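Shown next, in structure tokens, is the structure this report addresses.
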Amino acid sequence: MSNKTQFDADIAIIGYGPGGVAAANVLGKLGVKTVAIERNKDIYSRARAVTVNDWTMRIFQGMGLAARMKEVMDVTHSLRWVDYEGRELTSMPFPSSEFGHPTSYAIYQPEMERILRDGAQRYESVSVKYGYETISLDQDGEGVTVSVKNLDTGDVETVRARYALACDGGASQIREQLGIKLIGDTLPVRWVVIDCRVKRWWPNRHMLTFWSDKKRPVVDIALSMGNHRWEFPLNPGETDADFQTHEQLWKLLNLLGVTENEVEIHQQAFYNHHVRFAERWREGRVILCGDAAHLMPPWAGSGMQSCIRDTQNVCLKLAEVLRGRLPESILDTYETERAPDVDRYTQLSVGMGMIIKRELSDEQIAAMMEAERTSGDLPAVLRPPHYQLGWLQKGEGSKDVVGKLLPQPRAANCRGKFSLLDDLAGDGIVFLGANIDPASKLNASQKAAWEELGARFIALRSVDQHAQTDSDLIDIDGELIAWLDKHGVDVVAVRPDKIVLAASGNLDVPALG
């Protein structure tokens with residue numbers, strides 16, 4: 001079928017779970033020829049992830065899927081820690097967001113994945129080989145050859161692509177074949193996850209609740225679309241066999257005051273938590289994403305979200321490499337940027353687990369939460385990234401704003417159309433100037449270098465000013481202009497993932513090795 005001089009696709013995606021299908025949407029929108037390989041024909045029926053935040057919803061917005069996502073998600077109300085005596089140890093409402101969407105949503109993962117699959121079907125450049133198992137992967141200087149088996153017929157085929165994304169999960173066969181070690185620990189405690197359908201409301205069902213207890217801590221989560229989940233640890237001496245029947249599961253739910261009047265048990269599963277990282281995330285033309293590259297405990301709700309962010313990051317860079325606008329060395333910045341953020345969320349997850357499992361005293365918990373409340377910043381678990389290394393202009397004269405996620409206020413175009421900023425500013429690299437034409441801040445060689453990368457230039461005007469060109473945008477509430485002023489800049493270059501790439505003080509194109 002394929003040989004080393006012919007390509008079936010530019011990108012082969014191995015695994016079509018949340019990360020793989022997110023990658024397909026990003027690549028499809030950019031017109032990159034993509035083939036995904038997935039052994040299961042149906043969406044996995046179990047709801048594993050439970051939440052997405054404003055940063056992830058903004059990625060869905062970029063895919064053109066945010067409105068559909070919001071139809072099947074519920075805005076998270078608040079978070080609380082309680083004990084079995086009914087004492088509230090602490091609580092936290094979810095604050096407003098500067099990124100254009102509510103801070104946190106409860107999801108039902110199978111439905112979220114269905115929308116992502118529908119989204120990928122919009123693109124003729126994306127095809128999916130359902131019912132195929134990846135047998136092996138070989139690479140050379142020009143591309144990768146993936147051998148796959150049709151699980152219905154047993155026939156073996158090959159798929160030839162220029163690059164491959166391993167989105168095949170924590171037990172990644174591709175990672176193993178590449179000889180990349182997974183470093184870290186699998187925690188010994190086994191957990192049973194009970195998924196239910198809601199029949200009748202019970203008090204405070206809408207609050208994300210952590211039942212803090214040394215022996216039987218519980219995660220109590222309202223999912224969307226009338227679903228609810230509890231996660232219980234198995235105590236010493238207990239095994240999966242002790243929680244196979246509904247009668248056995250009801251003994252756990254009854255501890256929390258939940259009965260057959262409130263819910264119907266749908267299904268259960270058993271898991272161990274992991275704190276593990278691949279020793280490297282890239283081997284030549286093969287790139288590990290999501291669980292194939294890193295595994296974290298679930299407490300911060302960031303495992304699946306980190307996977308989606310991984311794939312967005314690397315796919316946007318791959319598209320530029322394929323276009324010839326950036327060198328292949330840009331791919332080295334994928335792990336450089338994403339690994340510290342994944343590590344941050346992993347450590348947050350571990351810390352939250354210590355609270356839930358009562359490994360900290362009530363006084364320590366109260367002090368931590370008070371520090372969060374008085375910090376003047378978002379709670380750590382909701383804080384957006386601030387990349388310190390990667391494809392960023394961090395040279396002499398650069399500002400601290402470089403590497404931060406750009407806020408997304410309401411805006412209007414010069415003809416009076418109102419929308420969120422990203423929808424009006426568009427894709428690619430965008431320069432924004434606070435009440436100035438940002439191109440006026442560049443010398444001729446800088447402007448030419450940015451234009452080679454497809455950059456566009458937009459003046460962001462206050463509402464009390466006239467628009468001066470067709471490309472001008474209006475900062476309706478003045479939020480972004482105020483944010484730029486707070487950081488001491490009047491011009492920023494923004495990457496396609498909405499990370500600030502360069503700013504006043506140093507507007508050169510960042511160098512790559």
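The values are calculated or read from the model by the stated rules, or taken from the named source; none is laboratory data. Predicted, not measured: the structure shown is a model, and the values here were computed from it. Reconstructed Cβ throughout: ideal geometry from the backbone, glycine too, with neighbour counts over all protein chains shown.
Remarks
- All positions within segment 163-192 that are surrounded by fewer than 20 Cβ atoms within 10 Å (Cβ to Cβ), touching a strand residue (DSSP E or B) at 6+ places or on another chain (Cβ under 7 Å), more than 19 Å from Ala339 (Cβ to Cβ) and not aromatic (Phe, Trp, Tyr): Gln173, Gln177, Thr186, Leu187, Val189, Arg190
- Hey, Val35 buried (at least 21 other Cβ atoms within 10 Å of the Cβ), in the same structural domain as Ser306 (by TED's automatic domain parsing) and in contact with a strand residue (DSSP E or B) (Cβ under 7 Å, 6 or more places away or on another chain) or not: yes
- Qualifying residue in segment 183-193 (condition: in contact with a Lys or Arg (Cβ under 6 Å, 6 or more places away or on another chain), touching a residue at least 24 places away in the same chain (Cβ under 8 Å), of a type outside the set (Gly, Ala, Ser) and not assigned by TED's automatic domain parsing to the domain that holds Leu137): no
- Residue list for segment 396-420, filter: closer than 18 Å to Asp464 by Cα and buried (at least 20 other Cβ atoms within 10 Å of the Cβ): Pro409, Ala411
- Some residue of segment 217-239 being more than 27 Å from Ser91 (Cα to Cα), buried (at least 16 other Cβ atoms within 10 Å of the Cβ) and of a type in the set (Ser, Thr, Tyr): no
- On the stretch given as segment 313-330, residues that are surrounded by fewer than 23 Cβ atoms within 10 Å (Cβ to Cβ) and assigned to a helix (DSSP H, G or I) total 9.
- Taking (1) free of Cβ contacts under 8 Å to residues at least 60 places away in the same chain; (2) of a type outside the set (Ser, Thr, Tyr); (3) within 29 Å of Phe94 (Cα to Cα) in turn, Glu247 satisfies each apart from (3).
- The single condition from (1) under 25 Å from Arg415 (Cα atoms); (2) touching a strand residue (DSSP E or B) at 6+ places or on another chain (Cβ under 9 Å) that His466 fails is (2).
- Here Gly390, Gly395 are screened, and the one residue that is over 24 Å from Ala67 (Cβ atoms) and within 19 Å of the chain's Cα centre (by Cα) is Gly390.
- Reported count of residues in segment 447-467, each being in contact (Cβ under 8 Å) with a residue 24 or more places away in the chain, over 19 Å from Pro496 (Cα atoms) and out of contact with any helix residue (DSSP H, G or I) (no Cβ under 7 Å at 6 or more places or on another chain), is 3.
- Within segment 486-513, residues that are free of Cβ contacts under 8 Å to residues at least 60 places away in the same chain have Cβ atoms under 7 Å from residues that are not in a loop (DSSP other than H, G, I, E, B) in these pairs: Asp490/Gly433; Asp490/Ala434; Asp490/Leu484, counting only partners at least 6 apart in sequence or on another chain.
- Taken over segment 210-244, the criterion of being of a type in the set (Asp, Glu) and either free of Cβ contacts under 8 Å to residues at least 40 places away in the same chain or over 13 Å from Cys196 (Cβ atoms) (or both) is satisfied by Asp213, Asp220, Glu238, Asp240, Asp242.
- 3 or more residues in contact with a Phe, Trp or Tyr (Cβ under 8 Å, 6 or more places away or on another chain) and either among the aromatic types (Phe, Trp, Tyr) or buried (at least 21 other Cβ atoms within 10 Å of the Cβ) (or both): qualifying strands (runs of 3 or more DSSP E) within segment 49-102: 51-53
- Any chance Ala292 is at pLDDT below 95, on the phi < 0 side of the Ramachandran plot and crowded, with 20+ Cβ neighbours inside 10 Å: no
- Residue tally, condition touching a strand residue (DSSP E or B) at 6+ places or on another chain (Cβ under 6 Å) and either without any contact (Cβ under 8 Å) to a residue 24 or more places away in the chain or within 26 Å of Met304 (Cβ to Cβ) (or both), over segment 126-149: 16
Okay, residues lined up against (1) among the β-branched types (Val, Ile, Thr); (2) without any contact (Cβ under 8 Å) to a residue 40 or more places away in the chain:
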{"site": "Ile43", "(1), (2)": "yes, no"}
{"site": "Leu79", "(1), (2)": "no, no"}
{"site": "Arg87", "(1), (2)": "no, yes"}
{"site": "Met92", "(1), (2)": "no, no"}
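- Matching residues, segment 322-345, being more than 19 Å from Leu389 (Cα to Cα) and in contact (Cβ under 8 Å) with a residue 12 or more places away in the chain: Leu322, Arg325
- When Ile474, Ile481 are checked against the criterion of being modelled with pLDDT of 95 or more, in a strand (DSSP E or B) and more than 23 Å from Ala319 (Cα to Cα), Ile474 stands alone in meeting it.
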